[in-house]
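Engineer: Here it is: the structure, laid out below.
The values are calculated or read from the model by the stated rules, or taken from the named source; none is laboratory data. In this text the structure is predicted, and so the values were computed from the model without any measurement. As a convention, Cβ positions derive from the backbone with ideal geometry for all residues, glycine included, and neighbour counts pool all protein chains shown. In case anyone asks, the SASA skips ligands and DNA or RNA and just uses the protein heavy atoms, side chains included. Shrake-Rupley method; radii C 1.70, N 1.55, O 1.52, S 1.80 Å.
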Amino acid sequence: MERRVLPYLTLFLVVMAYACGREAEQRAQAAEAKLSQLTEISAAKDSLTREMMATTTFMTELNDELAKVKPAKGSTTNVVQGETVVPLAEYRSGMISKIKDLRTRLDENEKRLASTSERLRKLSAGNKELSNQIAAYDSMVAGYKRIMDDQRTQIVVLTNNVDALQKKNQLLADENTHLTSRVTDMTTFANTV
């Protein structure tokens, strides 16, 4: 009777060994897939961080340049920028160009941020560990959105300041033209008397 049981026992052991090997292979594949997802999430986070740093650097440079917009009293035509003198109109148009560039970059960053967040959510479906990481990234994204909203507010304020300065500049130019005309008229009148 032991001889009849022995082939069944051997067959049972072979089937069990095969099943264990298959389960280990499935676990290894799942671990590789998880590692691939984590690598992709990390790369996306690094990309977003680099882009935010570039935007922050640009905003710092913009603020530094805007700090130089305060011309000396009585000077309405030129602004000193570093070692060179730049016409005020050219300087302001350059600033408006930089502000528009910043607004465009912020809009592009928001779109990329939204698409990356969506892609990360899809990758982490059903995985608790990745869901926790996504929650952390979502809070970072919310922080970045607050920063971008603050920067948008600053852009609106700066644009309004540039517009106000342009209006003041135009008023001063008109006043200068009017005064020059009056002086010319008075000189002509004084010369004829």
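Engineer: Do you know which residues across the range 85-98 are open to solvent by 30 Å² or more (accessible area, probe 1.4 Å) and either among the aliphatic types (A, V, I, L, M) or at pLDDT below 70 (or both)?
Structural biologist: VAL85, ALA89, ILE96 - these are the residues of the range 85-98 that are open to solvent by 30 Å² or more (accessible area, probe 1.4 Å) and either among the aliphatic types (A, V, I, L, M) or at pLDDT below 70 (or both).
Engineer: Residues being basic (Lys, Arg) and under 30 Å from GLU61 (Cα atoms): count how many of those fall in the range 158-193.
Structural biologist: Pass one, the range 158-193, residues basic (Lys, Arg): 167-168, 182.
Next cut, under 30 Å from GLU61 (Cα atoms) only: 167-168.
Going through the range 158-193 one residue at a time, the tally reaches 2.
Engineer: Write out, first by first residue and then by second, each pair whose Cβ atoms fall under 8 Å of each other, whose residues are 6+ apart or on separate chains, and whose first residue, in the range 31-42, is at negative phi while the second is assigned to a helix (DSSP H, G or I) and open to solvent by 70 Å² or more (accessible area, probe 1.4 Å).
Structural biologist: Qualifying pairs under 8 Å: LYS34/GLU129.
Engineer: Sticking with this one: Is the range 64-84 home to any residue that is exposed (fewer than 12 other Cβ atoms within 10 Å of the Cβ), at pLDDT 60 or above and either assigned to a helix (DSSP H, G or I) or touching a His at 6+ places or on another chain (Cβ under 6 Å) (or both)?
Structural biologist: Yes, the range 64-84 contains a residue that is exposed (fewer than 12 other Cβ atoms within 10 Å of the Cβ), at pLDDT 60 or above and either assigned to a helix (DSSP H, G or I) or touching a His at 6+ places or on another chain (Cβ under 6 Å) (or both).
Engineer: I need every pair where a residue in the range 82-100 that is closer than 18 Å to ASN160 by Cβ and among the acidic types (Asp, Glu) has its Cβ under 9 Å from the Cβ of a residue that is open to solvent by less than 70 Å² (accessible area, probe 1.4 Å) and modelled with pLDDT of 70 or more, sequence separation at least 6 or different chains.
Structural biologist: So the pair list comes out empty.
Engineer: Right, another one. Modelled with pLDDT under 65, open to solvent by 100 Å² or more (accessible area, probe 1.4 Å) and not acidic (Asp, Glu), is that true of MET1? Let's see the steps before the verdict.
Structural biologist: Details: modelled with pLDDT under 65: yes; open to solvent by 100 Å² or more (accessible area, probe 1.4 Å): yes; not acidic (Asp, Glu): yes.
In short, yes.
Engineer: Moving on. Of everything in the range 151-171, what is of a type outside the set (A, V, I, L, M), surrounded by fewer than 12 Cβ atoms within 10 Å (Cβ to Cβ) and more than 18 Å from the chain's Cα centre (by Cα)? Give them in sequence order. Reasoning before the result, please.
Structural biologist: Narrowing the range 151-171 to residues of a type outside the set (A, V, I, L, M): 151-154, 159-161, 163, 166-170.
Those left that are additionally surrounded by fewer than 12 Cβ atoms within 10 Å (Cβ to Cβ): 153, 160, 167-168, 170.
ASN160, LYS167, LYS168, GLN170, listed by residue number.
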